[in-house]
Every structure is written in structure tokens, then in C-alpha cells.
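The values are calculated or read from the model by the stated rules, or taken from the named source; none is laboratory data. Because the structure is a prediction, the values reported are computed rather than measured. A quick note on method: Cβ atoms are made from the backbone with ideal geometry, for glycine too, and the neighbour counts reach across all protein chains shown. The area values use the complete protein model at the heavy-atom level, side chains included, leaving out ligands, DNA and RNA. Shrake-Rupley method; radii C 1.70, N 1.55, O 1.52, S 1.80 Å.
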Amino acid sequence: AFAVSVVPEGAEDETELSVLQKPEESRTISKISRELKEIVFVIQSQSNSFHSKRAEDLKKDILKQAADLGKEFPTVLLIHQMDKHEGAWTILPLMQDFSVTYSRNSSWIFFCEEDTRVQVVKLLEILGRFDRSKEWFLGKALYDEESTIIHHYAFAENPTVFKFPDFAAGWALSIPLVNTLAKKLKSEPLKSDFTIDLKHEIALYIWQKGEGPHLTPVPEFCTDDVNSYKVDYCATTFSNFLPLCGEPVKKEDIFVAVKTCRKFHGDRIPVVKQTWEREAALIEYYSDYADMSIPTIDLGIPNTDRGHCGKTFAILERFLNHTSPRTPWLVIVDDDTLISIFRLRKLLSCYDPNEPVFLGERYGYGLGTGGYSYITGGGGMVFSRIAVQKLLASKCRCYSMDAPDDMVLGMCFTGLGIPITHSPLFHQARPMDYPKDYLSHQIPVSFHKHWNIDPVKVYFAWLAPNSEESHNGKKVGYNREDL
């Protein structure tokens, strides 16, 4: 009455497949496996041990999914391993390599972050809808609701018309577009010296003043959490709002240095005291004037209108020589930085203080022509003690007292071979300067600037410990929509 299939012990996978699957299913899997070989996955990895481990885990997961589908494997590349390009993270300098190496046997380059989760079969299904012989730029679309300084006030009349990809959801370029970009970059090198917001700048370069392809929105490229009800519909999800790797770092393990000057004692320092100062166990205010009511410490460095390199290096010296050697972390912020020390303690649980760590929001300078990356100062700069030791033991110093401190630090650390570690949770600008959809999959650590906002309200809406749950759209304290 029952038909029983007996498979010999130790049978090969193919035997099991042939017994358990219908011929058309086997053919489908074989076809999927072949298509998969035509995708090059590029993970935006970093060389810091915490980040490289996460990227390796994602690579393993993609390759495991591929192994479950057949014998053909995709290429999976980690950006930080492309040593010859200091600016590899800015993607465009890699286009010529991609074109030369992959244009014959590949159809797509798919980019994602270390915390993007990919459902490989679903991704193939989505990419299969597009004619791979044409130029395609695919992603989850973001747009500015109002023109913003971080995008040089682009599309000022109506910023919503220009779409750029949310990297967390993954994004893809067809090989014909990669070839076009490689050709263009060869004849016309990148013009801008600065890389400030990569996702916007890449979209702008591809758009070519309206002559190139626009971003095609793909609704299945998602930034919802892996536990979201939408997960079956999504080819990608995003697994991380704020990393936590064990117990948060103790308050006493973080020394906070606030850069200020006499003219801002009256308006900016009271904001710090009303908001995040109480979260810091160790905090000092450094100024050009000793004011006992705050109190501030006069470092003997005159205030400068441009960069603050002299002041910052004096703070680094003071941290090394006048604080407990058992304090592993230093944070330097501006007096108009809004920061959550509470969240920073969670984030720092993922980093090894015995490594030289220089952490914050990463910018780039001259990366198309051998420049360097740096942590932009306004969002906050985080240093492990060992990073400060290595920096001050070197001969790298300010070329002038009013040089831009963050750029000089980037140049010094790059020269020392110490990686610049990026976290998208630090922000050089105000919440209103970022697309709402971009901030919706973050629990931010910092924002910067008091222009045209109530900074106290912004702090309590976005950064205060009790607003922890509000990334899910719950309103805590203040309505974020108004900020």
C-alpha cells in the first residue's frame, strides 16, 4: 500500500535531491544557482574587529544560502579587504575594477551593509524582473523633504524629486551601468574633494544632470527588522538599530571633553546641562576662559574662528596625562553637539578598548586621488586610550593652530595605519536634515547644531534615555515630526 524510497546511507546530495524532488524542481534550482553566479555581492565592511566579524558572518550566510541552492556560488567581496583603495568605501573608485573583472560573466553588482540581511532566492526573483542588458540603478528610495546643507542645498526648489538609495536596504547596479560609469570615470575623474553623504553623491553622479538613469525604487528592498510582519515580502531586511554586545560600558569608563569658548558659555552650555550632562560621570569643559560657574578649564589656547586643531590636541594630551589610565574611552564633542551617553555606552560594548579605535561619522577628503578618511567633529569623536597614545607618540601634529582638527586627525590616523571606524548613528547635522525614513531604522547617538531648532526639545524627542522605543513611531515627550 505504501511506496518507500530507500536512499543508501551516505548518499550524495544530488541523489537525495533526485529522490525528494520532481525533475522540474531540480531544473529550477539549477537555474537559480546559475543566476546566482552572475551576482557580485559587495559588503560595506570595515577593518575594525567588531565590524569585520559582522561582515564575515553576512558573507557566510549568503554563501550558505547559495550552497543550499546548488553548486554555483556568487562572488562575495568585503570592501575593507580591497587594500589598494583607501577610498574603497566610496564605491565609485572601484567601478573600473568591477568593469574589467566582472563584466563578462556577471549581470549585477549588489551592495549592502554588514547589518543588511539578504534572502537570496527572493533577491534573484526581484533582479529577474529587470532586463540585465540595460542600465539599472535599483534601491529603496530616500529623498530630502527640504533642501539641506549636507547636500549643498541640491534641488532647492523641490528636493523631493531627487531619489537616492538607503544603503541599509541594499542597492544594485546592472553591469551595463557599471561599464558606463567606469568609462566616464576614466575620462572624467571625480570632481568633488569631499565625500559627505555617499548615498546622495553616488546617486547624483549616476544621474548625470538628468542624462543618466534615475534610481528605480524597489519596494522589496526593505529596512524593516527581521521580525517584521513584512519579512516574507522583502528580499532584504535590516538587523540592527543600536548594537549591544554584552553589558554596556560603565559611565566611569568614558571621559567626555566639551570644546567651547567664552562667547558660547551663556547660550550653549546651559543646553548641555539641561540635557545630556547628567548621563556623563566624567566631563570637563575646555575653553579660552576659565569660568568657575560652569566650570570651564582654560587650556591656554586662544579661540580660533576656523578649525580648532590646537585645542583638540591639547585635550588629547590632557586626557593621556591627567586622567586615570584605567579610563579607556575619550569622547570629544562641540558645545552644540547633542549626544546620548546612555546609548554610546551600549555601542561601545561592541568595541575592544585594547585596539586603536577612532569612531564616529566618517567623511572623506580627496579619496579619488589618494586622500584620507576622517571622523567629522560635530557628531562627536570617540577614541580608545590606545589610539590617543599611538597618535601622540607619533610626530603627526597640527600644521597650524586653526587647522580643521577632525581632518588633521584623519590624516594622522590614516598615516599611522589606524582605521577610521564609521557608525551611522553619529550625525553632523540636525534631525530635520535627514530623510525620516533613513532615521526610522536607527536609534541615534548624536546630532549637531542648534540652528532654527529648540535643542532641548530635539534632545528629549530623539536622544533621551526614555525615548529608546520611539524609533517604532511611538511618540515620547515631543513629536519628532515637528523637529
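What the Cβ-Cβ distance of LYS122 and LYS53 gives, at R0 = 30 Å and to the nearest 0.05, is a FRET efficiency of 0.75.
Here region 113-143 and region 221-260 have alpha carbon centers that stand 23 Å from each other. Here region 323-352 and region 360-405 have alpha carbon centers that stand 17 Å from each other.
What's the local net charge at GLY377, with K and R +1, D and E -1, over the other residues with C-beta under 14 Å away? Once positives and negatives cancel, what remains is -2.
Between amide H atoms placed 1.01 Å from N, distances below 5 Å from LYS163 occur with LEU215, all of them 5 or more places distant or on a separate chain. You can think of it this way: the chain between ASP298 and LYS134 has 52.9 nm of extra reach, that is 0.36 nm per residue less the Cα-Cα gap.
Placing dummy labels 7 Å off each Cα toward the beta-carbon, the span from ALA290 to SER147 is 4.9 nm. For LYS395, the aspartates and glutamates whose Cα falls under 14 Å of its own Cα, not counting residues fewer than eight places away in the same chain, are GLU317.
Between SER192 and ALA156, the distance separating the two model label sites (each 7 Å from Cα on the Cα→Cβ line) works out to 1.7 nm. What is the percent carbon and sulfur in the accessible area of the chain, measuring with a 1.4 Å probe over the protein chains and ignoring ligands? So the carbon and sulfur contribution to the accessible surface is 52 percent.
Using θ = phi - 60° in the Karplus curve 6.51 cos²θ - 1.76 cosθ + 1.60, the 3J(HN,Hα) couplings for region 307-315 round to x, 10, 4, x, 5, 5, 5, 5, 5 Hz; x is entered for Gly and Pro. Averaged over residues, the count of other Cβ atoms within 10 Å places the peptides 370-380, 408-418 in the sequence 370-380, 408-418, highest first. For the chain, the Cys residues with no second cysteine's beta carbon closer than 4.7 Å are CYS112, CYS261.
Per residue, what accessible area does the chain have, given a 1.4 Å probe and all protein chains present, in Å²? Present the calculation step by step, with values, prior to reporting the outcome.
Working: 22170 Å² over 483 residues.
Solvent-accessible surface per residue comes out at 46 Å².
Converting phi to 3J(HN,Hα) with the Karplus coefficients 6.51, -1.76 and 1.60 and the offset θ = phi - 60°, region 186-191 yields 5, 8, 9, x, 4, 7 Hz in sequence order, with x at every glycine or proline. Taking amide hydrogens as placed 1.01 Å from N in the peptide plane, the amide H of THR75 sits under 5 Å from those of ILE39, PHE41, each at least 5 positions away in sequence or on another chain. Among 214-222, 315-323, sorting by the average number of other beta carbon atoms lying within 10 angstrom of each residue, highest first, gives 214-222, 315-323. For LEU338, nonlocal amide neighbours, meaning residues 5 or more places apart or on other chains whose placed amide H falls under 5 Å from its own, are PHE447, HIS448, LYS449.
For region 139-149, the Karplus equation 6.51 cos²θ - 1.76 cosθ + 1.60, evaluated at θ = phi - 60°, returns couplings of x, 7, 7, 10, 8, 7, 7, 9, 5, 9, 4 Hz by residue, with Gly and Pro reported as x. Each peptide in 158-168, 335-345 was scored by the mean count of other Cβ atoms within 10 Å over its residues; highest first, the order is 335-345, 158-168.
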